[in-house]
Amino acid sequence: MQLNSLKAKSKRVTSMRVGRGGKRGKTSGHGGKGQTARAGHKIRPEVRDLIKKLPKRRGHGKNRARTVRVRSSFVPVNLAALSAAFSAGDTVTPVTLATHGLIRGKGVRVKILGTGGIDKALKISGLEVSASAKAAIEKAGGSVL
């Protein structure tokens, strides 16, 4: 056994070092020195009035103008999963996908992908369908509405 081959049994957890610069910001929680630390310090009223007149924006950070909008992405469902869950002649909608346990939640955007095969005639409505999946569904006798 060598010293360089030893490994710790538990993770090494270090507590955050406060007040030494770095990630806690300019003064690291220690307040300001100089003018702001002196008794009788007062910001001029003209500057304070200007600050109060600025529009206060939503978002993170100081007075951010724009917020990032998260777009909901599609939940993929493969043809093999549809073939296993549904019988021939069934209609596939977001509601029926949720009842069969293929998707979770309401208002989810779903896209049918062409992975796997399908041998049943299914009616697809209210869903996005890839080109390969549409060709396979129509070849099996189904339809995409």
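The values are calculated or read from the model by the stated rules, or taken from the named source; none is laboratory data. Remember, predicted model here, so these are calculated numbers, not experimental data. Virtual Cβ from ideal backbone geometry, glycine too; neighbours counted across all protein chains shown.
Worth pointing out:
- The residue that is farthest from the chain's Cα centre (by Cα), among those in segment 100-145 that are crowded, with 18+ Cβ neighbours inside 10 Å and farther than 12 Å from residue 76 by Cα, is 142.
- Scanning segment 127-145 for residues that are within 18 Å of residue 94 (Cα to Cα), of a type outside the set (Val, Ile, Thr) and modelled with pLDDT of 90 or more gives 127, 128, 130, 133, 134, 142, 143.
- For segment 97-137, a tally of residues being among the hydroxyl-bearing types (Ser, Thr, Tyr) and either assigned to a loop (DSSP other than H, G, I, E, B) or touching a helix residue (DSSP H, G or I) at 6+ places or on another chain (Cβ under 6 Å) (or both) returns 3.
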